[in-house]
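Colleague: My questions all concern the structure below.
The values are calculated or read from the model by the stated rules, or taken from the named source; none is laboratory data. All of these numbers come straight from a predicted model, not from anything done at the bench. Here the Cβ positions follow ideal geometry from the backbone for every residue, glycine too, while neighbour counts run over all protein chains shown.
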């Protein structure tokens, strides 16, 4: 499926009122993700989302993790339909570090278009800089370590999807040698310093 990227619209949500405007379409995205029934869609499920504190809708509405001033949710529309989503927020362990790509999901027909790499992640990097953070992370659970390896492979100039140019955004990120604990869950991370020569000592939250 060929998609004209110029027809896509990026929208940033950071409060309940704006989220409510797009809630019907967000629910539809979650329902489609649930039907796909893959590991990456597990935390997108609409069914019983109120009981699932890891679901996108729970984090958005109940926990309000992506609300100002500490976070936001980015959605991308195509033809009046949300086709990709993910959030960014200031980490619990350091006010100098933002965590991006939270609950990242793209509809199947759009996954070769780098909607996150070319549209959402640049916006989240801009948001993190505006919040005066010094580093931004992309984190990956064990179930989607394949995505971590995919981005890592592309960042090193190795082949990815046939015939597609790898997103330049991913090339800026560097891997951390160990998993770290984020929200009580071990995560693989890719990190990008937003200030020259900035480094953070993750030792206290590294997975043993």
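Colleague: Considering only region 107-139, state which residues are under 17 Å from residue 167 (Cβ atoms), surrounded by fewer than 22 Cβ atoms within 10 Å (Cβ to Cβ) and in contact with a strand residue (DSSP E or B) (Cβ under 7 Å, 6 or more places away or on another chain).
Modeller: Hits for region 107-139 are 110, 119, 123, 125.
Colleague: Let me ask something additional. Quick one: in region 10-38, of everything that is outside any helix (DSSP H, G or I) and modelled with pLDDT of 95 or more, which residue is farthest from the chain's Cα centre (by Cα)?
Modeller: Applying the filter and picking the extreme gives 15.
Colleague: Quick test for you: out of 93, 121, pick the one residue that is in contact (Cβ under 8 Å) with a residue 24 or more places away in the chain, part of a loop (DSSP other than H, G, I, E, B) and touching a helix residue (DSSP H, G or I) at 6+ places or on another chain (Cβ under 7 Å).
Modeller: Exactly one residue qualifies, and that residue is 93.
Colleague: If the requirement is being closer than 27 Å to residue 201 by Cα and in contact with a helix residue (DSSP H, G or I) (Cβ under 6 Å, 6 or more places away or on another chain), which of these qualifies: 136, 99, 83?
Modeller: On inspection, the qualifying residue turns out to be 136.
Colleague: Applying the selection to region 69-90, what residues are in a loop (DSSP other than H, G, I, E, B) and under 18 Å from residue 121 (Cα atoms)?
Modeller: Passing the criteria: only 70.
Colleague: Here's another thing I want to ask about it. Restricting to region 169-208, give me the number of residues that are touching a residue at least 24 places away in the same chain (Cβ under 8 Å), surrounded by fewer than 13 Cβ atoms within 10 Å (Cβ to Cβ) and over 19 Å from residue 90 (Cα atoms).
Modeller: Matching residues across region 169-208 total 1.
Colleague: Further, regarding this structure: Considering region 19-44 alone, what residues qualify as being surrounded by 19 or more Cβ atoms within 10 Å (Cβ to Cβ) and over 15 Å from residue 108 (Cβ atoms)?
Modeller: 19, 26, 43
Colleague: So which residues in region 100-118 are in contact (Cβ under 8 Å) with a residue 12 or more places away in the chain, under 23 Å from residue 35 (Cβ atoms) and in a helix (DSSP H, G or I), if there are any at all?
Modeller: 108, 109, 110, 112, 113, 115, 116, listed by residue number.
Colleague: Name every residue in region 46-57 that is surrounded by fewer than 19 Cβ atoms within 10 Å (Cβ to Cβ) and either outside any helix (DSSP H, G or I) or at positive phi (or both), in order of residue number.
Modeller: 47, 48, 52, 53, 54, listed by residue number.
Colleague: Report, ordered by the first and then the second residue, all pairs with beta carbons closer than 7 Å, sequence separation of six or more or different chains, a first member in region 22-42 that is closer than 22 Å to residue 145 by Cα, and a second member that is in a loop (DSSP other than H, G, I, E, B).
Modeller: 30/45; 30/46; 34/45; 34/46; 34/47
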